[in-house]
Amino acid sequence: MEHLPIISLSELDKNEVDNQEIKRLYDTCYECGFFYLKDHGVSKSSIDKTITASRNFFHLPEEIKQQYGHDVQKVYPPTSRGYVPLLGEYLNKEIGFDPKAIFDLGLDKPLSEQPFTGPNILPDDNIAPDFAESHYNLQKEIMTKVVPKLLKAIAISLGLEPTWFDPYFDDPVLIQRTIYYPEKSGQAGKHTDNGIFTVLIQEQLPHPSLRVYTKDKWIDAPCLEDTFIINLGDMLQMWTNGLFVSTPHAVIHEYPGTRISIPFFIYPNIDAIIKPFETEKTISSKEVMLKNFESIWVDHKGAGRAEELV
């Protein structure tokens, strides 16, 4: 494979008996688990505003950004929310701590005993104009215009009822992230994502930084206008008993100018119990998430299946 497939969300959403785009989705999820998504319906102005607000936040003095770090977050684990400076996250032992900065948030909810659930602590407009508003607006668009349609299409592609995933996603978990890669030196180590799938918004830059492993080699994933990148996560690979694959990827940003990317990591309800197809096993979504966060932030073994990728 020389380039990633391009799939239309509007075509996936058509109620047709023999929807060829659904067939293409199945083949793509089976073969590589990574694709471009076009016709997604999310407004360009919302995306552009969020990218601008993110870059402006990351350009603030370090002492201001640190006021929103892990130590002030109320959600457990605290590493699932807030600001992390350069060389703060560990995705793969090949490069160690990544030369990138991040800010994580989620669905804003009351404080809960459940992990990954609760309020966001974000800078207000006096500190970072438009940061909170733009992220929440974009979050709403992704969670209403993209995620439900993609879950429905995946279900249909697997021969399931269109609403098959609905009971597992009536109170989903979201880890929404904005990432800042410094010019000429930004990286994210080789890893797989941990959730069901990721919706990635890449800033439109002329040089590709994202690298994807497609079975036998690494390829570039350049920025295509008006598209998102979708990649499947470990949890969906587990759920389908290996039928659909979570694909290794990495970022090597070596070009002039900084880079912003905004991934949305989609998970089912925190108390969801997954039953891998054609097995008697059960898997706790909560336990999978907590184990992954411990591997990244505590044990420094890496993210997802990173230990397989060195």
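Laboratory data are not the source of any read-out in this text; all were calculated from the coordinates shown. On a predicted model such as this, the values are computed, not experimentally measured, just so you know. Cβ: placed from backbone, ideal geometry, glycine included. Neighbour counts: every protein chain shown.
Taking a sphere under 10 Å around the Cβ of residue 186 and counting the other residues whose Cβ falls inside, with K and R at +1 and D and E at -1, yields a net charge of 0.
Among the GluC sites (Glu not before Pro) within the range 141-244, those in coil by DSSP and having at most 12 neighbouring Cβ atoms inside 10 Å are 183, 225. In summary, the aspartates and glutamates within cross-link reach of residue 190, defined as a Cα separation below 12 angstrom excluding same-chain residues under 8 places away, comprise 94, 98, 307, 308.
Could you give the angle, 0 to 90 degrees to the nearest 10, between helix 131-141's Cα long axis and the longest principal axis of the Cα atoms of the chain? The two axes meet at around 0 degrees. Every helix of 4 or more DSSP H residues in the chain counts as -39500 (n - 2.57), and over all residues that averages to -7000 deg cm²/dmol at 222 nm.
Listed by chain and number, the aspartates and glutamates placed with their C-alpha closer than 12 angstrom to that of residue 215 are 2, 31; residues fewer than eight positions away on the same chain are left out. Quick one: among 126, 56, 137, which has the greatest mean-square fluctuation in a GNM of the chain with alpha-carbon springs under 10 angstrom? Judging by the Gaussian network model, the answer is 126.
Taking chymotrypsin sites (Phe, Trp or Tyr not before Pro) across the range 145-215, none is in a DSSP loop with at most 13 further Cβ atoms lying within 10 angstrom of its Cβ. Entry note, the chain: relative contact order of 23 percent, from Cα contacts under 8 Å with a spacing of 6+ residues. Residue order for 293, 265, 277, fewest other beta carbons within 10 angstrom first, comes to 277, 293, 265. One Cα centroid belongs to the range 148-196, the other to the range 57-127; the line between them spans 19 Å. Per-peptide packing, taken as the mean over residues of other Cβ atoms within 10 Å, places 156-162, 245-251 in the sequence 245-251, 156-162 from highest down. Straight-line reach from residue 149: taking Cα to Cα under 26 Å and skipping same-chain neighbours fewer than 8 places apart, the lysines in range are 14, 23, 38, 44, 49, 109, 140, 275, 286. Shown here for the range 195-239: trypsin sites (Lys or Arg not before Pro) in loop regions (DSSP other than H, G, I, E, B) with at most 15 other Cβ atoms within 10 Å, namely 215, 217. Label the range 191-310 by shape, choosing from rounded, prolate and oblate, from the square roots a ≥ b ≥ c of the eigenvalues of the Cα gyration tensor; if a/c is under 1.5 it is rounded, and otherwise prolate applies when a/b is larger than b/c, oblate when it is not. It is prolate, given that a/c is not under 1.5 and a/b is the larger ratio.
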